[in-house]
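Below is one structure, written out as structure tokens, with a few remarks after it.
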Amino acid sequence: MVIVAGHLIVDPRRRESYLTDCVSVVELARRAPGCLDFAISADLADPGRINVFERWESRTAVEAFRGSGPGDAQQEAILAASVSEYDVADVRSLT
């Protein structure tokens, strides 16, 4: 399993429009083969922060979906980013 997690920083005045533009990406990802979870959401404490969380069956599935990454308009809106991929060897359910 692969987890992609981190955050993006955008101008707080543009965060809502950035998130609106991401709705179709989230919908596509959730339908993609190998996607277990995919979320892009507003941070509750920081008005310029967008949290990213993805869970995939494999690195191959991530790469097949990701392609070339964010579109030009989305990339221009990102002021800073800290997003990493994690290879998960074992999982324990907490529910």
### Accessible surface of residue 8 - all protein chains present, 1.4 Å probe, nearest 10 Å²
20 Å²
### Query
In the chain, carbon and sulfur make up what percent of the accessible area (probe 1.4 Å)?
52 percent
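If we sort 24-30, 84-90 on the protection proxy, mean other Cβ atoms within 10 Å, highest first, what's the order?
Packing proxy ranking, top to bottom: 24-30, 84-90.
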### Message
Taking Cα extents along the principal axes in Å straight from the coordinates, which label in (1) 34, 27, 25; (2) 39, 29, 20; (3) 45, 30, 17 is the correct one?
### Response
(2)
### Task
Please turn the phi angles of the stretch 28-38 into ³J(HN,Hα) values with the Karplus equation 6.51 cos²θ - 1.76 cosθ + 1.60 (θ = phi - 60°), one per residue in order, whole Hz, x for glycine and proline.
5, 4, 5, 8, 6, x, x, 7, 9, 6, 7
## Note on the structure
Listed by chain and number, the residues whose amide H is under 5 Å from that of residue 38, excluding neighbours fewer than 5 places away on the same chain and using placed H, are 55
### Task
State in Å² the accessible area per residue of the chain; use a 1.4 Å probe, count heavy atoms of protein chains only, and round to the nearest integer.
66 Å²
### Message
What's the magnitude of the charge dipole for the stretch 1-62 around its Cα centre, counting Lys and Arg as +1 and Asp and Glu as -1 at the beta-carbon? Answer in Debye, nearest 20.
### Response
80 debye
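The values are calculated or read from the model by the stated rules, or taken from the named source; none is laboratory data. Predicted model, so just to flag it, every value in this text is computed and none were measured. As a convention, Cβ positions derive from the backbone with ideal geometry for all residues, glycine included, and neighbour counts pool all protein chains shown. Just so you know, the surface numbers come from the protein's heavy atoms only, side chains and all, with ligands and any DNA or RNA stripped out. Shrake-Rupley method; radii C 1.70, N 1.55, O 1.52, S 1.80 Å.
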